[in-house]
Amino acid sequence: MNENAAPNYRRAGVDLEAAEEIVRRIGPLAAGTRTGGVQSEIGGFGGFFAFPHPESSDLLVASIDGVGTKMKVARQTGQWRSAGYDIVAHCVDDILTHGARPLFFLDYLGVGRLEVDAATSLLEGVAEGCREAGCALLGGETAEMPGVYVPGEVDLVGCIIGTVRREAVLPGDRVRAGDRLIGLASWGLHTNGYSLARRVLIDAGPGVATRLPESGRSLGEALSARHRMYWRAVEPLLGDAGLHGMAHITGGGIPGNLVRVLPAGLEARIDRQCWEIPEIFREIQRRGEISDAEMRAVFNMGIGWILIVAPEVAEAWQARLAAQGWGAAALGELVEGPGGVVWVDARP
């Protein structure tokens, strides 16, 4: 990533270049631990492991992630249950991009001082997310570590295991030029970009009680919006030949996540006018004086999920998902090219 691509994010304390460098260094380390069951490389939304033997047709798919500094917003707003739901939704969405069905989930809760009511509310949210995805909350760890965690701070991490048949793994080799892109709406920032959002809106800004000018929602409400789980939208489509691939739009936005499922020689052409940018993103950009390019590199901008589908099903699927309340938008298409995302204005 260009060192100037996200200057505001860097000033907020997040170094994207350093994050990319550590991923590069992890690759050789992970390769040195590889066993016969490993079926994937570092860098996907989930890792694959064939079980009980390397030739198994059933693959386990695993992912781990955290709620990050959104937990600081949960502290200020008291929205602990939503934060618990967030971590399950994030992990479910990650393995769902590969067509995997969730099996079980484990959580890690790290605190400087254990607050029983807050922790209970968090875990109620975790259990709610697991029920929605049909997966078991198998276990977890609650760690009270004064001196490691600052009093009042909470760290929430989740690990999920799912399964998919080898022949059903997405994206496989189905993604091709001419495929259409359908975007599904997010409810907000998901669990990404909060270091920058908090710096602009809370730390050096108006605070969580301030009302947004158009909707009248408080900043606290908007920033606490749940990380949307796309399981119920996508599960009926799994196994359909019209579904070629999917991307979960998290940190890195559309440019950083859609490319993770595109083969070499294809680029995505996306109409920047085909959906309305939600108010919370426009407010972050206005108050922080952030460029369009940086906003797209950090936030989902209102699109939390992208389906890559065959052109013959695109119109019907988009209409059906829109009618079901998923905020489905026809984003654009895949074309032959050097790769990446190209933003276009399709309207005259």
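Any read-out appearing in this document is the output of simple, stated calculations on the displayed coordinates, not a laboratory observation. From a predicted model like this one, the values you see are computed outputs, not experimental measurements. All Cβ positions, even for glycine, are placed from backbone atoms using ideal geometry, and neighbour counts span all protein chains on display.
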Quiz item: What FRET efficiency comes out for the pair residue 211/residue 75, r = Cβ-Cβ distance, R0 = 30 Å, nearest 0.05?
Solution: 0.90
Practice problem: Can you tell me how much longer the chain between residue 272 and residue 55 gets when fully stretched, taken as 0.36 nm per residue apart minus their C-alpha distance, in nm with one decimal? | Solution: 73.8 nm
Quiz item: What are the ³J(HN,Hα) values, in whole Hz, obtained from phi via the Karplus relation 6.51 cos²θ - 1.76 cosθ + 1.60 with θ = phi - 60°, for each residue of the stretch 322-330 in sequence order, with x given for Gly and Pro?
Solution: 5, 5, 7, x, 8, x, 6, 10, 7
Quiz prompt | the stretch 274-329: GluC sites (Glu not before Pro) falling in loop per DSSP and having at most 15 other Cβ within 10 Å | solution = 276, 289
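Using helices alone, I'd like the mean residue ellipticity at 222 nm for the chain: each DSSP H run of four-plus residues gives -39500 (n - 2.57), total over residue count, nearest 500.
Values: 12 runs with 114 residues, N = 348.
My calculation for the chain gives -9500 deg cm²/dmol from helical runs alone.
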Quiz item: Dividing the alpha-carbon radius of gyration of the stretch 9-84 by 2.2 N^0.38 Å (N being the number of residues), what value is obtained?
Solution: 1.53
Quiz item: Which whole number of Å³ per residue matches the convex hull of the alpha-carbon atoms in the stretch 202-348?
Solution: 139
Quiz item: So how do 137-150, 87-100 stack up, highest first, on mean other-Cβ count within 10 Å?
Solution: 87-100, 137-150
Quiz prompt | Measure of compaction for the stretch 35-168 (Cα Rg per 2.2 N^0.38 Å) | solution = 1.14
Quiz item: Could you give me the ³J(HN,Hα) list for the stretch 130-138, computed from phi with Karplus coefficients 6.51, -1.76, 1.60 and θ = phi - 60°, whole Hz, x at Gly and Pro?
Solution: 5, 4, 4, 8, x, 10, 8, 7, 7
Quiz item: Are there chymotrypsin sites (Phe, Trp or Tyr not before Pro) in the stretch 50-130 that DSSP puts in a loop and that have at most 13 other Cβ atoms within 10 Å, and which ones?
Solution: none
Quiz item: Long-range amide H contacts for residue 218: which residues qualify at under 5 Å (H placed 1.01 Å from N, peptide plane, sequence gap of 5 or more or a different chain)?
Solution: 212
Practice problem: Using only Cα atoms, figure out Rg for the chain and give it as a multiple of 2.2 N^0.38 Å. | Solution: 0.98
Exercise. DSSP loop (so not H, G, I, E, B), at most 15 other Cβ within 10 Å: list which trypsin sites (Lys or Arg not before Pro) in the stretch 30-86 pass both filters.
Key: 34
Quiz item: Short version: ³J(HN,Hα) in whole Hz for each residue of the stretch 212-225, in order, from phi by Karplus 6.51 cos²θ - 1.76 cosθ + 1.60 (θ = phi - 60°), x for Gly and Pro, what are they?
Solution: 5, x, 8, 8, x, 5, 6, 4, x, 5, 5, 6, 8, 3
